[in-house]
Amino acid sequence: MLAGIAGVCALIFVISYYSKDLPDYSQLKDYKPPVVTRAYAGDGRLLAEFAQEKRIFVPIEEMPALVKQAFISAEDQNFYEHEGVDFIAVAGAAVSNLRGQSLRGASTITQQVAKNFLLTNERTYTRKIREAILAMRMERAMSKDRLLELYLNQIYMGQRAYGVAAAGLIYFNKSLEELEIQEIAYLAALPKAPNNYHPVRHAAAAIERRDWVIDRMAEEGYITESQAELAKLKPLIGDLQDAAAAIDAPYFAEEVRRELIKRYGDDSLYGGGLVVRTSVDPKLQRIAERVLREGLVDYDRRHGYRGALTNWDSTDNWQEKIKEYPAPASMLSDWFLAVVLDVNADEATIGLQDGRRETLKREYLTWTKSGVTSVRDVLRTGDVIMIDLVTLEDGSKVWGLRQIPELNGAIVVIDPHTGRVLAMQGGWSFNESEFNRVTQAKRQPGSAFKPFVYLTALEKGFTPATLVLDAPFVIDQGPGLAKWRPQNYSNEYYGPTPIRVGIEKSRNLMTVRLADYVGMDAISELSRRFGVIENLPPLLANSLGSGETTLLDITTGYAQLLNGGKKLTPTMIDRIQDRRGQTIFTYDQRPCEHCGGEGRELVEWNNQAVPQIPDVREQLADPRMTYQIVSILEGVVERGTGVRIRELNRPLAGKTGTTNDSKDAWFIGFSPDLVVGVYTGFDEPRSLGRKETGSSVAVPIFKAFMEEALKDTPAIPFRIPPGIKQVLIDANDGTRAQPGDEKVIWEAFLPGTEPTDKVYILDGNGISLMPSAGGMSGGEIDTNRPIVGTGGLY
């Protein structure tokens, strides 16, 4: 009797003593665990995950029964019978521990919830007692299903996965509903020691533990014996997908991450469980990445080989040395490291990291320098180099020498009708530099800015056929400053020239004269309106693209030219949902009174007309004038600085840009439904080299992109808005075409501005009537009233 009383008193004392300062478990009633934020590409495939712990929360009622049963079989077979502590299991563990064996657990699922949420992982009797007390109290406060829900969403499963849903995706790339018995059993085997049951490194142990769980499921009657035997025959397929079908677009994903942080902060991004639908098109993204890299490599090869990564004095033990040699961060994944083992005039023998010996032939090294007559001109024994397999025209493969380009660049692709960014590659390699040259690099666009100068002129009454004098132009910059004398790239003068040709041939002197006449204030205002350069100083040199902008901003500006002057806000995010599936952001804010969904009552369709959604975008410019610029930019491809694109034989348009000393090279161009911006330049600005321009560096990248992106699609002409009158003119002087004229084109005019027998020109005296047109002088023209004629004001 006394012993019993003493035992009860001791038990009360232990419970009272270890109950001091226990954590408050009531918070678990409304606990919302941090959940991974997932961003998806436009086709639904995974783009990126943002989380400190990869977790996807699944309510207990949504979990398949077999998943719950597997974990109960493996971890706590009496889960629905005990009150927080399984005393029979505890007694067995205590006996083992008293025999001097390592501390062994008999923790129930409830105890594991208490440990994982409220206590530490220290392996002591004190922690176990506190854990047991907490578990019993939690059982009285919460339902079994709530405790199981907390456990299955919180438990660590290896590979940074927390919870069964995240683990199913990482190990098998499947949702919980898609998992098979053997896969569920493997997941249920992991909580004991995830690292010990890695499906690749410890496959045998993983299969043994999995099969034990399958047997336990059969013993508990959750599956039949035949199901168990069949499941154990299945291989352990652990792909560790961390999303096998994920889209590789790191620059794009990083921009999405920054936008989410700006909107919702770190906590919501890394633990809020947001579901983000992005605009990236995987096909266009792959093309953009590839053509940018190929373009940078092509430029780099034109400027020769810079040498090996390093040179070893001896190639003894080369297999081990090359295996341990660290690859440069920016080396592409399909390139290989190799060491030159022997060199003669015709070839070099090289050793690869896998121990193979291969050969580099002299004929595939001719790009490295001019006049290569021997491999010894390029390589030495002991050189550590980068190589890859090159496919020849006949389909055969040979080894080629590689080097990482010093030149960098970027490409961005935009839908001109919506502003959705469809592809973005911000540099050669994200591993080398996370600096995004699409959004973060502010550089001078050069002549790529000119379309906005000429659009300003159209708004001031000029037409594409207006003549502007291409002749020397001098500006006095003030006391003590040298006079500014802009020059054409060719250093030549071309006399009276139609505005169209000024853009097609990228004439600097015409552009400066035009900007001087219409006023830089007006050009700065239009630049701000189109979002190209927000605060462009009204300096005449800025008409030639001396102001700084980003590739994204100027490409968006071109998209607004193409779409008829409608304002666009470029976006990489279409929609964001919270962890409950509620839409908290959508890019498309157009009002639709009779549309259902997203907080509105669903509308049943009874053969009524489809709702007409109004276009509420701001109109930035007259769509007829923006079309005139589009038409002129189409001429750049047909006859101007982008003429090498013409061989694609489809409607394309755009403008090159090259800055002083060829430090930056651009091409911004478009098809009727796709706008592509390309920028190339050194991160530390320096000249690209003699005769390197937007036409030689950026245009080939644009061309290669459009060739593949538009393959197998119909050639659609540029859309002409109402209010445009097409007139045949002489492309040389802008007059109406006459029989016998050799260079005749269709030109777009606003009604009332078509060519007449009067020919006006902007020269050093302002707007003047050409002497050949009746011998009248400019003084006879009233420039205060609208006039019409070839390129006249209206």
Item checked: Test set (1) over 23 Å from residue 692 (Cβ atoms); (2) touching a residue at least 40 places away in the same chain (Cβ under 8 Å); (3) surrounded by 11 or more Cβ atoms within 10 Å (Cβ to Cβ); (4) out of contact with any Ser or Thr (no Cβ under 8 Å at 6 or more places or on another chain) - residue 645 fails condition number -> (1)
Note to self: Could you check segment 279-315 and list, in sequence order, the residues that are closer than 30 Å to residue 588 by Cα and of a type in the set (A, V, I, L, M)?
What the structure shows: 280, 284, 287, 288
Notebook entry, point to check: Would you say residue 381 is farther than 16 Å from residue 350 by Cα and in contact (Cβ under 8 Å) with a residue 24 or more places away in the chain?
Noted result: no
Note to self: Here are the criteria: (1) free of Cβ contacts under 8 Å to residues at least 40 places away in the same chain; (2) surrounded by 20 or more Cβ atoms within 10 Å (Cβ to Cβ); (3) not β-branched (Val, Ile, Thr). Tell me which single one residue 252 does not satisfy.
What the structure shows: (1)
Next item on the list: Could you tell me which residue of segment 121-165 is modelled with the lowest pLDDT, considering only residues that are in a helix (DSSP H, G or I) and of a type in the set (Phe, Trp, Tyr)?
Entry: 125
Check: For segment 726-782, which strands (runs of 3 or more DSSP E) that fit wholly inside it have 2 or more residues that are surrounded by fewer than 17 Cβ atoms within 10 Å (Cβ to Cβ), of a type outside the set (Gly, Ala, Ser) and at pLDDT 85 or above?
Finding: 744-749
Margin query: Cβ-Cβ under 9 Å, sequence separation 6+ or interchain: first residue in segment 494-513 and without any contact (Cβ under 8 Å) to a residue 40 or more places away in the chain, partner of a type in the set (Ser, Thr, Tyr) and not in a loop (DSSP other than H, G, I, E, B). Which pairs?
Written below: 507/497; 512/543
Notebook entry, point to check: In segment 674-715, how many residues are in contact with a helix residue (DSSP H, G or I) (Cβ under 9 Å, 6 or more places away or on another chain) and among the charged types (D, E, K, R)?
Noted result: 7
Next item on the list: Out of the residues in segment 477-509 that are among the basic types (Lys, Arg) and open to solvent by less than 80 Å² (accessible area, probe 1.4 Å), state the one that is nearest to residue 748 (Cα to Cα).
Entry: 500
Next item on the list: Mind telling me which of the residues 392, 352, 401, 365 ends up being modelled with pLDDT under 95, in contact with a Leu (Cβ under 9 Å, 6 or more places away or on another chain) and farther than 30 Å from residue 668 by Cα?
Entry: 365
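So that you can scan it fast, the table gives a plain yes or no per residue for (1) farther than 30 Å from residue 49 by Cα; (2) open to solvent by less than 20 Å² (accessible area, probe 1.4 Å); (3) in contact with a strand residue (DSSP E or B) (Cβ under 8 Å, 6 or more places away or on another chain):
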| site | (1), (2), (3) |
| --- | --- |
| 541 | yes, no, yes |
| 575 | no, no, yes |
| 586 | no, no, yes |
| 590 | no, no, no |
| 611 | yes, no, no |
| 626 | yes, yes, no |
| 633 | yes, yes, yes |
Next item on the list: Evaluate segment 369-390: report whether one residue or more is outside any loop (DSSP other than H, G, I, E, B), of a type in the set (Lys, Arg) and surrounded by fewer than 18 Cβ atoms within 10 Å (Cβ to Cβ).
Entry: yes
Checklist line | Answer from 218, 185, 228 - the residue that is within 39 Å of the chain's Cα centre (by Cα) and open to solvent by less than 70 Å² (accessible area, probe 1.4 Å) | finding: 185
Margin query: Can you pull out every residue in segment 711-734 that is in contact (Cβ under 8 Å) with a residue 24 or more places away in the chain and touching a strand residue (DSSP E or B) at 6+ places or on another chain (Cβ under 6 Å)?
Written below: 724, 725, 727, 729, 731, 734
Notebook entry, point to check: From the list 673, 664, 683, which residue is open to solvent by 40 Å² or more (accessible area, probe 1.4 Å) and touching a strand residue (DSSP E or B) at 6+ places or on another chain (Cβ under 6 Å)?
Noted result: 683
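The values are calculated or read from the model by the stated rules, or taken from the named source; none is laboratory data. Predicted, not measured: the structure shown is a model, and the values here were computed from it. Using ideal geometry, Cβ is built from the backbone for each residue, glycine included, and neighbour counts are taken over all protein chains shown. Heavy atoms of the whole protein, side chains included, go into the accessibility calculation; ligands, DNA and RNA do not. Shrake-Rupley method; radii C 1.70, N 1.55, O 1.52, S 1.80 Å.
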